[in-house]
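Report on the following structure.
Rule-based calculations on the coordinates, nothing more; no lab input. Quantities reported herein were computed from a predicted structural model and do not represent experimental measurements. Glycine also receives a Cβ, built like all others from the backbone with ideal geometry; neighbour counts cover every protein chain displayed.
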Amino acid sequence: MSEPTCQIVIMELMATGDGRPPSVPIEVINAHLASCAACREEARELEGLGGLLDAQRRQIPSDDLWPMIAPRLKSKKAAAGEKTTLYYFILFGASLALYKLLELIPERRIDVAFKLIPIIIAVSLFAFLKENPFKINPRLGADTE
Amino acid sequence: MNTNDIEVQTRVVLGQKYAFATAALILGIASFINFLGMEKGVLAIVFAWLALRSKPAPELRDRRVWGKAGMILGALQIVLIVTVLALNFDRISAVLDALMKLQEGK
């Protein structure tokens, strides 16, 4: 086989660097490199460039945004729930205030059943909110964290 | 203090704050109720029972005496009121009758 030119040797080095099979026997290329300083220099530069390119890693996009979205959704939901509950409690407070005003009317007859009204209102509120203030809830606050 | 300790501390503090929030609401409601002051005694017994019972775990260790004292004081107050009412039933009935007559006479 005839001596390959510098251009062919460089092309072969680039091809083998890309992982393609050489079309010129490797011994012939090595023999050329041993005798040609310019090609040796070129080969060194190619090797350096190849190493630099190999060091690069493709950025893998993180599509899983749920861990960031979920807590924000939960906190928004909790805030909306708190606001609704606040309206119920305002209504509840107004009912109790009205009861107190009625209790203060001097002409009113003394009636034991009348005294049960605030308890009935409070029980109704907790039943409506589906809450039991006298029950220890181990999950309380776990959803909003 | 490591992360686990901070998490435990956060949960303990939150637990106490939830208890205070509940107590605030219940006492606020109780302030509108008047059963000769016995409603406060009943609440003391209920809160103490909730604090002292073994379920759900874990059982209360610190301030157990506080719970017991609250329960005893609440029960004592109820017993005292019922006893005073029972012992003075005739007099209280007379006072109530007098009040009713006074009201009707207006």
For chain A, the percent of all C-alpha pairs falling in each 5 Å bin, from 0 up to the bin holding the max distance, is 2, 7, 10, 9, 7, 5, 4, 4, 3, 3, 3, 3, 3, 4, 4, 4, 4, 4, 4, 3, 3, 2, 2, 1, 0, 0
Using helices alone, what [θ] at 222 nm do you get for chain A, with -39,500 (n - 2.57) per DSSP H run of 4 or more residues, divided over all residues and rounded to the nearest 500?
-22000 deg cm²/dmol
Answer check: the protein assembly as shown, Cα atoms, Kirkwood Rh, Rg/Rh ratio of 1.54
List the relative contact order of region A:1-58 as a percent without decimals, with contacts defined as Cα pairs under 8 Å and 6+ residues apart.
37 percent
With an 8 Å Cα cut-off and a minimum separation of 6 or more residues, compute the relative contact order for chain B in percent.
22 percent
What does the helix-only formula give at 222 nm for chain B: each DSSP H stretch with n ≥ 4 adding -39500 (n - 2.57), the total divided by the residues, and the result rounded to the nearest 500 deg cm²/dmol?
-27000 deg cm²/dmol
If you fit an axis through the alpha-carbon atoms of helix A:6-17 and take the longest principal axis of the Cα set of chain A, what angle between them do you get, 0 to 90°, nearest 10?
30 degrees
Within 10 Å of each Cβ in peptide B:19-32, how many partner chain Cβ atoms are there on average? Round it to a whole number, please.
4
Could you tell me the relative contact order of chain A? Use alpha-carbon pairs under 8 Å, at least six residues apart, and round to a whole percent.
20 percent
Within region A:75-130, DSSP-loop trypsin sites (Lys or Arg not before Pro) with at most 11 other C-beta atoms within 10 Å are A:Arg108, A:Arg109, A:Lys130
Low-density loop chymotrypsin sites (Phe, Trp or Tyr not before Pro), region A:44-145, at most 14 other Cβ within 10 Å, DSSP non-H/G/I/E/B, are A:Phe134
Quick check: the angle from helix B:64-87's long axis to the longest principal axis of chain B, C-alpha only, nearest 10 degrees?
10 degrees
Rounded to the nearest Å, the spacing of the alpha-carbon centers of region A:75-131 and region B:51-92 is 26 Å
Please compute the Kirkwood hydrodynamic radius over region A:65-117, one decimal place, Å, based on all pairs of different Cα atoms.
14.4 Å
Using the structure shown, list the pairs from A:Lys135/B:Lys17; B:Lys40/B:Lys68; A:Lys74/B:Lys17; A:Lys77/A:Lys130; A:Lys135/B:Lys55 with a Cα-Cα distance above 19 Å, or answer none.
A:Lys74/B:Lys17
Rg [Å, one decimal], Dmax [Å, integer] - chain B, C-alpha atoms
20.8, 74
Any GluC sites (Glu not before Pro) in region A:23-127 that lie in a DSSP loop and have at most 12 other Cβ atoms within 10 Å would be A:Glu107
Using only Cα atoms, find the angle between the long axis of helix A:26-35 and the longest principal axis of chain A, and express it within 0 to 90 degrees, rounded to the nearest 10.
70 degrees
